[in-house]
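The values are calculated or read from the model by the stated rules, or taken from the named source; none is laboratory data. Remember, predicted model here, so these are calculated numbers, not experimental data. Cβ placement follows ideal geometry from the backbone for every residue including glycine, while neighbour counts extend to all protein chains displayed. When the accessible area is computed, the model is the full protein with side chains, heavy atoms only, and any ligands, DNA or RNA have been set aside. Shrake-Rupley method; radii C 1.70, N 1.55, O 1.52, S 1.80 Å.
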Amino acid sequence: MTEMYHSLAAVYDQVQAVDYASWAEYLCRLDKSFNRRVSKGDGQDGRPLLLDLGCGTGGICLEMAGRGYDPIGIDRSAAMLNQARDKAHNSDNPSSRSCLFLHQDIRRFELYGTVDLIVCLLDTVNHLTHQADVRRLFKLCS
């Protein structure tokens, strides 16, 4: 599966046509309504630490960085992560450079600490074709 994204990565954002800014605004509203943080976030300088599972080319991570979050993006495709890193590096927004992109499978991701918010958007979960994988993902998130 990841080999297929090698060719797709360079044009993914053009063919996917996602309004990342609108998604980010929606996520911020949800976080504001439902978060239970009693202090600052776990990210750098007290920013909320966001985990984006299946981050692809990093569009959500970059948008959320610009909204005061400290994003970590995880994806199984090295090519997609390379696009994400390039976008972060070339962004006009200095906060985008703080995004951390990790090459991991969301079914077995490992973090060395906690996060304040986990998102897994678009059709990412559809790539998990076995119930055990979906259960494992939700267990990791909890």
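Taken as a whole, region 80-98 holds at least one residue that is in contact with an Asp or Glu (Cβ under 8 Å, 6 or more places away or on another chain), within 17 Å of Trp23 (Cβ to Cβ) and of a type outside the set (Lys, Arg). Considering region 14-35, the residues that are modelled with pLDDT under 90 and part of a helix (DSSP H, G or I) include one that is surrounded by the most Cβ atoms within 10 Å (Cβ to Cβ), namely Gln16. Between a first residue in region 36-48 that is more than 11 Å from Val115 (Cα to Cα) and without any contact (Cβ under 8 Å) to a residue 60 or more places away in the chain and a second residue that is of a type in the set (Lys, Arg) and open to solvent by 70 Å² or more (accessible area, probe 1.4 Å), which pairs have beta carbons less than 8 Å apart while being 6 or more apart in sequence or on different chains? Between residues of region 36-48 that are more than 11 Å from Val115 (Cα to Cα) and without any contact (Cβ under 8 Å) to a residue 60 or more places away in the chain and residues that are of a type in the set (Lys, Arg) and open to solvent by 70 Å² or more (accessible area, probe 1.4 Å), the close pairs are Gly46/Lys40.
Look through Asp42, Asp70, Asp75, Asp133 and report the one residue that is touching a Gly at 6+ places or on another chain (Cβ under 8 Å), open to solvent by less than 60 Å² (accessible area, probe 1.4 Å) and farther than 19 Å from Ala21 by Cα.
That would be Asp75, the only listed residue that is touching a Gly at 6+ places or on another chain (Cβ under 8 Å), open to solvent by less than 60 Å² (accessible area, probe 1.4 Å) and farther than 19 Å from Ala21 by Cα.
Can you list the helices (runs of 4 or more DSSP H) lying wholly within region 51-142 that have 2 or more residues being under 10 Å from the mean Cα position of the chain (by Cα) and touching a residue at least 24 places away in the same chain (Cβ under 8 Å)? Answer list for region 51-142: 59-65.
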